[in-house]
Amino acid sequence: MEHNSKTDPEIQDSYDNQQKWVLDSSLDSKGKIPLRARTGAWRAALFVIAIEFSERLSYFGIATNLVVYFTTILHQDLKMAVKNANYWSGVTTLMPLLGGFVADAYLGRYAAVLLATIIYLMGLILLTLSWFIPGLKPCHEEMCVEPRKAHEIAFFIAIYLISIGTGGHKPSLESFGADQFEDGHPQERKMKMSYFNWWSTGLCAGVLTAVTVIVYIEDRIGWGVAGIILTIVMATSFMIFLIGKPFYRYRAPTGSPLTPILQVFVAAFAKRHIPCPNDSSLLHELSREEYTRGRLLSSTKNLKFLDKAAVIEDRGSENAMAEKESPWRLATVTKVEEAKLLINMIPIWFFTLAFVYEKLLVPLLRHITGNERGISILQRIGTGMVFSLITMIIAALIERRRLDHYNNMTMSAIWLAPQFIIIGIADAFTLVGLQEYFYDQVPDSMRSLGIAFYLSVIGAASFVNTLLMTVCDRLAEEISGKSWFGKDLNSSRLDRFYWTLASLTAVNICFFVVVAKRYTYKSVQPSLAVVDGGDDVEITSMTNTSKYT
């Protein structure tokens with residue numbers, strides 16, 4: 001048996017310290033090491049979920065009826081209205097890429113949420129005032145052919161302020177909520193898995209309320225009243241979020257997370273002719289005492305070319321110390337592995353453009369597979385993609401039936417229920433899985449940007465869908481002389497479009513399976529963390545190895 005240099009009391013003291021303190025580089029509201037019993041976990045995450053509900057309520061309360069607003073209030077034709085709505089939606093769903101980068105690099109996630117929510121509120125307030133200030137009202141009288149230019153300008157400024165607010169809000173808030181759970185603590189790691197499911201529950205509650213209650217108020221009572229409600233709900237949730245400040249765990253921004261990644265590529269290219277040792281222990285890495293921010297990652301066997309960035313050229317020479325001071329020439333194993341994580345994400349991002357879990361399936365799957373997640377992240381995403389494929393097939397069959405009998409029978413709306421039920425199941429697998437994947441598998445310093453990658457999948461998919469419709473329409477006209485998209489549903493052939501989507505999704509799933517089977521998950525080294533508890537006391541704790549499968 002290998003001799004352990006630590007005595008039993010020392011080991012027990014280390015365990016007790018890990019239970020008492022949060023040792024993952026987080027800080028409390030006073031800038032000290034957080035006490036586990038007073039900060040983070042569900043006591044903090046619930047504040048975050050509350051403000052997510054209000055953000056989704058506001059966003060979908062506007063987005064759902066936006067085309068109607070353009071056509072009825074601003075008196076645009078349908079083509080221009082759809083075009084303007086798509087522009088706004090595209091900008092809003094891609095804006096998180098910028099917001100996530102700024103949050104991780106400069107502001108920090110908490111500060112980014114505060115700033116984004118203030119901008120969001122400014123947009124909602126301006127949108128509401130444009131209905132009550134006489135000079136900003138849409139028209140002089142009850143009925144008008146053309147709206148006031150001032151109202152049009154105020155409206156566009158308002159919705160794009162909301163777009164900017166969403167860009168900073170979405171990636172920062174979700175990752176900030178996930179930061180409230182420590183990966184190295186077994187109980188909190190399981191809580192984090194549940195967090196993404198409950199986050200989506202709050203999100204869906206906001207969406208459902210928006211597309212029912214808020215849309216009804218806009219149509220039957222007025223946009224001004226709806227604006228007042230959205231503003232009050234957002235302001236209230238903002239105050240709730242501020243109340244939670246003493247309970248949060250914070251991560252300090254670490255500067256641009258992309259610079260170290262670029263340094264890895266530069267260093268690997270500069271040493272491209274140098275052989276890479278088979279023993280990863282010969283590669284350059286900081287000691288646990290030197291690496292005080294984040295977690296050390298273990299070396300993996302994929303993308304071995306990048307390992308050359310961590311090769312020490314003249315081991316033992318005087319130049320070795322000088323090279324350590326030049327990250328453009330010598331990178332650590334952890335930085336190399338972070339670069340690999342980003343490269344591994346590219347095919348997963350690409351193949352997910354197409355695409356009642358927590359209490360029932362997770363415990364059953366945990367029992368069957370022995371995996372604490374139930375199934376792996378990528379298995380969850382792939383399962384959701386299969387359900388999406390089934391949804392498209394059902395949609396194609398039902399649309400074909402409707403077209404065959406629309407002159408002789410009226411089909412009940414209940415026929416649409418199977419599609420919505422299955423797509424809901426697909427979302428429970430795919431969307432939640434994507435959220436967890438893009439938070440968990442990115443480098444620790446890029447988690448807001450990781451959530452932005454997840455959001456950008458949805459935005460990019462919207463543009464791809466528009467392009468696909470255009471291509472299919474033109475091909476159909478060239479082949480059969482008739483468009484698949486007519487003036488109304490009965491003159492269209494949406495069933496053929498659904499079959500096209502189903503075929504492309506099936507091919508996409510095949511490629512996704514190939515990529516997922518070869519994917520290497522993040523592997524975190526077991527580490528000793530030496531920290532200052534704030535009372536001139538050093539706390540030493542052993543953390544778990546975290547290998548996600």
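On the basis of being at pLDDT below 85, under 30 Å from E313 (Cβ atoms) and of a type outside the set (S, T, N, Q), does R272 make the cut? Yes: the conditions hold for R272. Close Cβ contacts (under 7 Å, 6 or more residues apart or on different chains) running from residues in the range 125-136 that are within 16 Å of I221 (Cα to Cα) and assigned by the TED database to the domain that holds F155 to residues that are open to solvent by 50 Å² or more (accessible area, probe 1.4 Å) and outside any helix (DSSP H, G or I) comprise W131/K137. Out of the range 68-91, which residues are over 21 Å from the mean Cα position of the chain (by Cα), open to solvent by 50 Å² or more (accessible area, probe 1.4 Å) and among the hydrophobic types (A, V, I, L, M, F, W, C)? Of everything in the range 68-91, those that are over 21 Å from the mean Cα position of the chain (by Cα), open to solvent by 50 Å² or more (accessible area, probe 1.4 Å) and among the hydrophobic types (A, V, I, L, M, F, W, C) turn out to be V68, L78, M80, V82.
The single residue among L107, L94 that is open to solvent by 60 Å² or more (accessible area, probe 1.4 Å) and under 16 Å from the mean Cα position of the chain (by Cα) turns out to be L94. Taken over the range 492-549, the criterion of being of a type in the set (S, T, N, Q), open to solvent by less than 30 Å² (accessible area, probe 1.4 Å) and modelled with pLDDT of 80 or more is satisfied by T505, N508.
Of all the criteria given as (1) farther than 23 Å from D77 by Cβ; (2) open to solvent by 10 Å² or more (accessible area, probe 1.4 Å), the one not satisfied by L173 is (2).
For the range 220-236, the set of residues classified as part of a helix (DSSP H, G or I) and either open to solvent by 10 Å² or more (accessible area, probe 1.4 Å) or in contact with a strand residue (DSSP E or B) (Cβ under 7 Å, 6 or more places away or on another chain) (or both) consists of R220, W223, V225, I228, I229, T231, I232, V233, A235, T236, listed by residue number. Scanning the range 209-219 for residues that are at pLDDT 85 or above and open to solvent by 70 Å² or more (accessible area, probe 1.4 Å) turns up V213, Y216. Scanning the range 34-61 for residues that are closer than 15 Å to P246 by Cβ and of a type in the set (A, V, I, L, M) yields L35, A37, A41, A44, A45, L46, V48. Of the residues making up the range 16-58, those that are open to solvent by 20 Å² or more (accessible area, probe 1.4 Å) and of a type in the set (S, T, Y) are S25, S29.
Of all the listed residues (L378, L434, L389), the sole one being modelled with pLDDT of 80 or more and within 18 Å of the chain's Cα centre (by Cα) is L378. Residues of the range 132-140 include none that is closer than 16 Å to F238 by Cα and among the aliphatic types (A, V, I, L, M). Among residues of the range 42-64 that are more than 24 Å from Y250 (Cβ to Cβ), those with a Cβ under 8 angstrom from a residue that is of a type in the set (S, T, N, Q) and crowded, with 24+ Cβ neighbours inside 10 Å, sequence gap 6+ or separate chain, pair up as Y59/T166. Scanning the range 127-165 for residues that are part of a helix (DSSP H, G or I), of a type in the set (A, V, I, L, M) and within 19 Å of V67 (Cα to Cα) yields a count of 8. Among the residues of the range 249-279, those that are farther than 30 Å from A178 by Cα and small (G, A, S) comprise A267, A268, A270. Checked against the criterion of being modelled with pLDDT under 80, in the same structural domain as E188 (by the TED database), in contact with a strand residue (DSSP E or B) (Cβ under 6 Å, 6 or more places away or on another chain) and assigned to a loop (DSSP other than H, G, I, E, B), the range 33-43 has no qualifying residue.
Considering only the range 254-286, state which residues are part of a loop (DSSP other than H, G, I, E, B) and of a type in the set (S, T, Y). The answer is T254, S256.
The values are calculated or read from the model by the stated rules, or taken from the named source; none is laboratory data. Source: prediction; values computed, not measured. For neighbour counting, all protein chains shown are included, and Cβ atoms are generated from backbone atoms with ideal geometry for every residue, glycine included. To get the accessible areas, we keep the full protein, side chains included, count just its heavy atoms, and leave off ligands, DNA and RNA. Shrake-Rupley method; radii C 1.70, N 1.55, O 1.52, S 1.80 Å.
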